Amino acid sequence: MASTWLVVLGLAFWAAIAAALPDVPSVANFMRKATANAVVLGDFVYVDGGEMSQKVDGKVATFKDRDGSVIFSVQVNSTVSIDMSKSWTSDSVAMRTIKKQGPLKTNMQAWADRSANVFYSWGGKWIRGFNMTETTLWKFAADGSGGGTWSVAPAANPSLLNTLHPGEFAAVAATSDSAFVMGGVASGWTEQFRAITQTLPGMATYNLSTRVWQNGTTNFSPFDRIAGASAEFVPSFGPNGLIFAFGGFAPPADDPNPDFGTSPNFDLQNLTFFDPQTKKTYSQVTTGDVPPYPRSEFCTAGFSDPSGRHEIFMFGGTNRRDKFAYNDSYVLSLPGFVWTKLPDSPDGVRTTQACVVVGNRQVLSIGGVDGFGKGYNDVDPAPQGLLLFDMVDQKWSHSYNASAPAYESPKAIQDLYSAG
Ligand SMILES: *[C@@H]1O[C@H](CO)[C@@H](O)[C@H](O)[C@H]1NC(C)=O
Ligand SMILES: *[C@@H]1O[C@H](CO)[C@@H](O)[C@H](O)[C@H]1NC(C)=O
Ligand SMILES: *[C@@H]1O[C@H](CO)[C@@H](O)[C@H](O)[C@H]1NC(C)=O
Ligand SMILES: *[C@@H]1O[C@H](CO)[C@@H](O)[C@H](O)[C@H]1NC(C)=O
Ligand SMILES: *[C@@H]1O[C@H](CO)[C@@H](O)[C@H](O)[C@H]1NC(C)=O
Ligand SMILES: *[C@@H]1O[C@H](CO)[C@@H](O)[C@H](O)[C@H]1NC(C)=O
Ligand SMILES: *[C@@H]1O[C@H](CO)[C@@H](O)[C@H](O)[C@H]1NC(C)=O
């Protein structure tokens, strides 16, 4: 999977494919799932898009590319929901499939409007460029009981929307008012009739209440180019909150076939963040256990504590320069700008997983593969690809606790502050 977006357009197409497989295989049949999006709406986690591999009758299901080579993954065709009002374990969790209207893609950019109980999906990739259609913004409206429906979300300014290039590997953050899509890479598999692969400069925004899109590249953009990064909105600092971007790469502007591996990377010591309203950009040097970098295609999740601190969890990802994936996790504590190392994942390295905050103080990590290892031809040690991390106890597990106590900064982090 690691560099499918580098593959020249048209190199590989599907040959005949066996009957469709289930989107939620049994624990015994599940192998790997990655590049899905996840959001929390009410009592449910919704997991959308991505690709997966599985077994059928004890054998690894394989598919053929046009060139005859064997591939192991196909796109997930449903949106999947998980009920978080009850405790569960990764090997017994019930997952519901919801039929998708709209394109079946992977690696999309998604953001939630939690007050409206909806999430949006923009860009992403048609794997192997199959069955592509014109790109628009799609919206999923949750029904409050684990289901919901997809529809097109029309823009108030369609002429601007029509000029936007949909890509993948963008960093996305949303406030209660707007979504911010930073950078990314556009290719012939993310945009119909696109001839060349290019990194997208700057930042596009979508206002949730006015439905107005803006391309901020020349007027407001915290970054020139950025891909494979992760972004978090931190509501509690400054008049409008702040949006942080972590990691990723800055492929050169005119590179016709940008390669993360040889591109300049963003460091994780000197962080960049901006005010979502004024777009003013700041930077701050962190201390503590700064996570190793280059790092891209990892996941993050943010927690606010009652005393006004905000902690950002970071997990896994890829070092494309040195060609390996990470198994480690870290937490950045704000406003101290201190990194603390957390325990490694007990289930190996993973990249392109999704992380969400669940049950007050837990992180749910969904999917992920070792892009430099066996990729999709591998059985995930985590049942159904689901891993949980309790931020306060600082422990990994395969069980979700629906009645876990409220979040509070972990003791070690509180001590950092009291030590001054
Ligand atoms: C999704 O649909 C395609 C086309 O029908 C099919 O080939 C594929 O197997 C389906 N995905 C899964 C996970 O079964
Ligand atoms: C593409 O669309 C055709 C016609 O609807 C369908 O039969 C085929 O399974 C689709 N392929 C994929 C990979 O979704
Ligand atoms: C925004 O506009 C610039 C040109 O000013 C263009 O290069 C860029 O691709 C646009 N961004 C998106 C996401 O389409
Ligand atoms: C941190 O990054 C910013 C923006 O790239 C730069 O202006 C600043 O000089 C850097 N700070 C340090 C200490 O390197
Ligand atoms: C979004 O639109 C609302 C209503 O016009 C406006 O108040 C708000 O400032 C806009 N958000 C941004 C980030 O520009
Ligand atoms: C995580 O990876 C590192 C580097 O390969 C390794 O030393 C460490 O033992 C791994 N941790 C776990 C829990 O497997
Ligand atoms: C969930 O957390 C609560 C509060 O700490 C505890 O009493 C309960 O035993 C936990 N439940 C599970 C399933 O671990």
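Scanning the range 42-73 for residues that are surrounded by 24 or more Cβ atoms within 10 Å (Cβ to Cβ), over 27 Å from N360 (Cα atoms) and among the aliphatic types (A, V, I, L, M) gives a single hit, M52. Summed over the range 151-160, the residues that are open to solvent by 20 Å² or more (accessible area, probe 1.4 Å) and of a type in the set (A, V, I, L, M, F, W, C) give a count of 3. Just a yes or no: is a residue in the range 362-370 more than 16 Å from ligand 4 (Cβ to nearest atom) and exposed (fewer than 15 other Cβ atoms within 10 Å of the Cβ)? No, the conditions are met nowhere in the range 362-370. Scanning the range 324-363 for residues that are hydrophobic (A, V, I, L, M, F, W, C) and closer than 15 Å to A382 by Cα returns V349, A354, C355, V363.
Of everything in the range 19-39 that's among the β-branched types (V, I, T) and buried (at least 18 other Cβ atoms within 10 Å of the Cβ), which residue is nearest to V93 (Cα to Cα)? Filtering the range 19-39 for residues that are among the β-branched types (V, I, T) and buried (at least 18 other Cβ atoms within 10 Å of the Cβ), the one nearest to V93 (Cα to Cα) comes out as V24. Scanning the range 135-144 for any residue that is free of Cβ contacts under 8 Å to residues at least 12 places away in the same chain, away from ligand 6 (no atom under 16 Å from the Cβ) and open to solvent by 20 Å² or more (accessible area, probe 1.4 Å) turns up at least one such residue. Condition first: open to solvent by 30 Å² or more (accessible area, probe 1.4 Å), over 24 Å from the mean Cα position of the chain (by Cα), modelled with pLDDT of 90 or more and of a type in the set (A, V, I, L, M, F, W, C). Can you find one or more residues in the range 399-412 that meet it? Yes - at least one qualifying residue is present in the range 399-412. Pairs meeting the criteria (first residue in the range 266-284 and within 20 Å of F298 (Cβ to Cβ), second residue in a loop (DSSP other than H, G, I, E, B) and within 16 Å of ligand 6 (Cβ to nearest atom), beta carbons under 7 Å, at least 6 apart or on different chains) are D267/Y293; L268/P291; L268/Y293; L268/R295.
Going through the range 380-393 one residue at a time, which ones are part of a loop (DSSP other than H, G, I, E, B) and surrounded by 16 or more Cβ atoms within 10 Å (Cβ to Cβ)? Passing the criteria: D380, A382, M391, V392. Which of the following residues is of a type outside the set (G, A, S), more than 15 Å from ligand 3 (Cβ to nearest atom) and assigned to a loop (DSSP other than H, G, I, E, B): R194, R211, R128? From the options R194, R211, R128, the qualifying one is R211. Restricting Y376, Y330 to those that are within 19 Å of the chain's Cα centre (by Cα), within 16 Å of ligand 1 (Cβ to nearest atom), open to solvent by 10 Å² or more (accessible area, probe 1.4 Å) and in contact (Cβ under 8 Å) with a residue 40 or more places away in the chain reduces the list to Y376.
Could you go through the range 102-109 and let me know if any residue there is away from ligand 2 (no atom under 16 Å from the Cβ), over 25 Å from F30 (Cβ atoms) and in contact (Cβ under 8 Å) with a residue 12 or more places away in the chain. Yes, because at least one residue in the range 102-109 is away from ligand 2 (no atom under 16 Å from the Cβ), over 25 Å from F30 (Cβ atoms) and in contact (Cβ under 8 Å) with a residue 12 or more places away in the chain. Residue selection: S85 fails the criterion of being free of Cβ contacts under 8 Å to residues at least 24 places away in the same chain, loosely packed, with under 14 Cβ neighbours inside 10 Å and polar (S, T, N, Q). Residues in the range 34-69 that are in a strand (DSSP E or B), among the hydrophobic types (A, V, I, L, M, F, W, C) and at pLDDT 95 or above: A34, A38, V39, V40, L41, F44, V45, V47, M52, V56, V60. Among residues of the range 17-31 that are in a strand (DSSP E or B), those with a beta-carbon under 6 Å from a residue that is open to solvent by 50 Å² or more (accessible area, probe 1.4 Å) and modelled with pLDDT of 95 or more at least six positions away or on a different chain give the pairs M31/V379. Flag: S90 matches the condition of being touching a Leu at 6+ places or on another chain (Cβ under 7 Å) and within 16 Å of ligand 7 (Cβ to nearest atom). Of the residues D259, D224, D254, which single one is among the acidic types (D, E), over 21 Å from A301 (Cα atoms), open to solvent by 10 Å² or more (accessible area, probe 1.4 Å) and touching a helix residue (DSSP H, G or I) at 6+ places or on another chain (Cβ under 9 Å)? After applying the criteria, what remains is D259.
The values are calculated or read from the model by the stated rules, or taken from the named source; none is laboratory data. Just so it is clear, the model here is predicted, and its values are computed rather than measured. Please note: Cβ atoms are built from the backbone with ideal geometry, for glycine as well, and neighbour counts cover all protein chains shown. For accessibility, only protein heavy atoms count, side chains too; no ligands or nucleic acids. Shrake-Rupley method; radii C 1.70, N 1.55, O 1.52, S 1.80 Å.
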